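Visitor: Mind looking over this structure? Questions follow.
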Amino acid sequence: MSTSPLTCCINPSILSADFANLEAELARISNADAVHVDVMDNHFVPNLTLGLPVVARLQQVSPVPLDAHLMIADADRWAPLYADLGLASVTFHVEAAMAPIKLARELRARGSKAGMALRPATPVEPYLDMLPELDMLLLMTVEPGFGGQAFLDVVIPKIRRARAATEGAGIDLAIQVDGGITEETITRAAEAGANVFVAGSAVYGKPSPAEAIESLRANGQLAFTRDRAADNTPQD
């Protein structure tokens with residue numbers, strides 16, 4: 001799973017897939033950079049989806065790497081068990097972690113990339129010093145729990161601040177956004193500095209999910225690169 005800060009990645013969410021045919025649904029997105037697996041426990045968020053046994057089986061059959069987003073309570077206990085499955089990336093919510101730095105290090109030690117997620121109203125500033133401990137920062141652009149929500153533009157300034165902090169510190173960190181990603185909102189998020197995009201209905205709701213992935217990736221890359229080039233233009 002490539003998550004270079006200069007490369008835009010599309011991680012379709014299987015929350016929008018047909019749960020009765022998940023292996024076939026994974027095959028439809030084989031050109032994705034990763035598949036986003038939403039794990040919800042009906043405690044941290046008011047929804048219940050998948051758990052360890054199902055994710056373990058998905059790991060065995062998926063043609064692309066798994067990017068697990070744990071919207072669960074007691075992340076310190078459960079997140080390492082998902083890393084033990086061999087997932088490419090495991091993301092926990094900072095609001096559900098007692099010791100986020102320790103947890104991020106443990107995920108890396110177990111072979112997964114370490115991601116940390118923030119709800120829309122959670123400020124990024126208290127966590128800037130720990131960004132070197134992470135491989136990816138997930139900034140939610142909807143309230144976690146359900147797919148199909150509208151993109152929250154209020155998160156755009158937070159994306160900009162997070163990207164400015166990583167670039168200012170020279171940190172090799174991917175910034176992921178999740179929620180309400182469409183052909184239109186991906187441009188705004190990419191211009192702000194996000195480079196990994198979780199898309200549900202914008203992929204699985206199209207006649208050809210594979211073509212939707214290519215289109216989203218191209219639009220995101222164009223906007224991200226254009227904005228970086230503008231930032232680096234010499235001023236008179």
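Visitor: Here are some conditions: (1) without any contact (Cβ under 8 Å) to a residue 60 or more places away in the chain; (2) surrounded by fewer than 23 Cβ atoms within 10 Å (Cβ to Cβ). A202 meets all but one. Which one does it not meet?
Guide: (2)
Visitor: Could you tell me which of the residues V54, V45, V90, V61 is under 20 Å from D178 (Cα atoms) and surrounded by fewer than 24 Cβ atoms within 10 Å (Cβ to Cβ)?
Guide: Checking each option against the conditions leaves just V45.
Visitor: Now a separate question. Would it be correct to say that V177 is farther than 25 Å from K113 by Cβ and without any contact (Cβ under 8 Å) to a residue 60 or more places away in the chain?
Guide: no
Visitor: For the stretch 19-34, give me each residue that is without any contact (Cβ under 8 Å) to a residue 60 or more places away in the chain and charged (D, E, K, R). Break it down into steps so the answer makes sense when it comes.
Guide: Residues of the stretch 19-34 without any contact (Cβ under 8 Å) to a residue 60 or more places away in the chain: 19-24, 26-27, 34.
Across the stretch 19-34, the qualifying residue is only E23.
Visitor: Here is a follow-up. Tell me, which residue of the stretch 182-217 that is more than 17 Å from the chain's Cα centre (by Cα) and of a type in the set (S, T, N, Q) is farthest from R160 (Cα to Cα)?
Guide: S208
Visitor: Exactly one condition in (1) closer than 25 Å to A17 by Cβ; (2) of a type in the set (F, W, Y); (3) buried (at least 19 other Cβ atoms within 10 Å of the Cβ) is false for F146; which is it?
Guide: The number of the failed condition is (3).
Visitor: Condition first: assigned to a loop (DSSP other than H, G, I, E, B), of a type outside the set (V, I, T), touching a helix residue (DSSP H, G or I) at 6+ places or on another chain (Cβ under 8 Å) and within 26 Å of E167 (Cβ to Cβ). Now tell me which residues in the stretch 110-131 satisfy that.
Guide: Hits for the stretch 110-131 are S112, R119, P120, P123.
Every number here is computed from the coordinates shown, using simple stated rules; none is lab data. Since this is a predicted model, take the numbers as computed values, not measurements. As a convention, Cβ positions derive from the backbone with ideal geometry for all residues, glycine included, and neighbour counts pool all protein chains shown.
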